[in-house]
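The structure appears below as structure tokens.
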Amino acid sequence: MSDYDFKEKIKVNHVPWDRNTVEIIQINIGKLCNQVCTHCHVGAGPGRLRENMSRSTLEQIIAILDNTKGVTTVDVTGGAPELNPNFRWFVGELRSRDYTVIDRCNLTVLYEPNQDDLSEFLSQSKVNIVASLPCYSVANVDKQRGDGVFDKSIRALQELNSKGYGKEDSGLNLDLVYNPVGTALPGDQVTLELDYKAKLFKDFGILFNKLYTITNMPIKRFLYELKSQGKYQDYMDTLVRSFNPVAASQVMCRSMISISWDGLLYDCDFNQALSMPILGDEASIWDVEDFQFINKNEIVSGPHCFGCTAGAGSSCGGSLV
Ligand code: SF4
Ligand code: SF4
């Protein structure tokens, strides 16, 4: 087997590789973003105006959800999802049906034009926020996410705290995402969370709920960076050496479906970024009536899956074991 043959690794370790019940629908609502981060796996940025999910596509997703049992959570990502003109309407539709809604927020979007009332909207709608803050140091954050991003992110977190986010018993969840700067695997999630909580509270009075540690995936911008620095093979070797079958049996694609801005279906956001559609075929929301249609089908995999299964594992909800 080739060193990076993920399918063979799964087979020899007897890891189940089919989908259970779909509980989470993750929707990449568009690639437009006000930032251009070095590790961005969707290649988002300010120039990607055209790739935004339309109202009719969102209406079709709602129609399928209305036919589907077992989905509890809709995870809205991007780009900066709030920049899609249909974002607030869509959130309203989902919340009126009692779905848990996650907004993957880059924080700085709160200070984009016409977003002055965004924190108020999110708190009133009881949307859970998952926000990236790859470090509590200005230098590391600005290196990965752009000049001035750290200061704006801190201001945004303070604003969200003022609306009740991150505070005990408020029902307004504010979770942060950490991913390493460079080629290391993330450290222990519990220890890092304690560090983050102590540091952010001491320096800025910031409160949050959970910290999710996420491994940098060897795809898109991060892959180009690895290759240009001659570090791709070392990074892949680290991931493969750290393969953890227990983490592999709990990967997020076993309970979710991912939808791209144009309505195509994928096993996860990373497969979406790599144009590897579900079942290896181009199925879209226009072909299905129920999101559970895909249960028990094999998940499409590739060498990048070693990123989800190394060490403690990695998913959009942090480490897996
Ligand atoms: S904020 Fe998120 S979507 Fe935007 S460029 Fe950075 S990683 Fe990509
Ligand atoms: S990259 Fe996607 S398909 Fe591969 S293990 Fe991770 S979540 Fe599953």
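The values are calculated or read from the model by the stated rules, or taken from the named source; none is laboratory data. These numbers come from a predicted model, not from an experiment. Positions of Cβ are backbone-derived with ideal geometry, glycine not excepted, and every protein chain shown enters the neighbour counts.
Looking at 243, 204, can you tell me which residue is farther than 23 Å from residue 175 by Cβ and touching a residue at least 40 places away in the same chain (Cβ under 8 Å)? Exactly one of 243, 204 is farther than 23 Å from residue 175 by Cβ and touching a residue at least 40 places away in the same chain (Cβ under 8 Å), namely 243.
Filtering the range 73-116 to residues that are assigned to a loop (DSSP other than H, G, I, E, B), in contact (Cβ under 8 Å) with a residue 60 or more places away in the chain and among the acidic types (Asp, Glu) leaves only 112. Within this structure, residue 142 passes the test of being more than 16 Å from residue 175 (Cα to Cα) and not in a loop (DSSP other than H, G, I, E, B). Exactly one residue among 142, 151, 169 is within 16 Å of ligand 1 (Cβ to nearest atom), farther than 25 Å from residue 231 by Cα, surrounded by fewer than 17 Cβ atoms within 10 Å (Cβ to Cβ) and without any contact (Cβ under 8 Å) to a residue 24 or more places away in the chain, and that residue is 151. Within the range 255-309, the set of residues being more than 17 Å from the chain's Cα centre (by Cα) and without any contact (Cβ under 8 Å) to a residue 24 or more places away in the chain comprises 264, 277, 278, 279, 280, 281, 282, 283, 284, 287, 293. Being more than 27 Å from residue 299 (Cβ to Cβ), in contact (Cβ under 8 Å) with a residue 60 or more places away in the chain, away from ligand 2 (no atom under 13 Å from the Cβ) and among the charged types (D, E, K, R) is true for just one of 210, 231, 199. Which residue is that? The unique qualifying residue is 199.
Candidates in the range 26-50 are the residues that are in contact with a helix residue (DSSP H, G or I) (Cβ under 7 Å, 6 or more places away or on another chain), assigned to a loop (DSSP other than H, G, I, E, B) and of a type outside the set (A, V, I, L, M, F, W, C); of these, the one that is farthest from ligand 2 (Cβ to nearest atom) is 34. Among the conditions (1) at pLDDT below 95; (2) within 18 Å of residue 11 (Cβ to Cβ), residue 240 misses just one, which is (1).
Checked against (1) in contact with a Leu (Cβ under 9 Å, 6 or more places away or on another chain); (2) surrounded by fewer than 16 Cβ atoms within 10 Å (Cβ to Cβ); (3) of a type outside the set (A, V, I, L, M, F, W, C), residue 72 passes all but a single condition, namely (1). The set of residues from the range 52-66 being surrounded by 19 or more Cβ atoms within 10 Å (Cβ to Cβ) and farther than 22 Å from residue 293 by Cα comprises 52, 53. The listed residues are 185, 239, and the only one of them that is part of a helix (DSSP H, G or I) and surrounded by 15 or more Cβ atoms within 10 Å (Cβ to Cβ) turns out to be 239.
So, in the range 193-229, exactly how many residues are among the hydroxyl-bearing types (Ser, Thr, Tyr) and in a helix (DSSP H, G or I)? The qualifying residues number 3.
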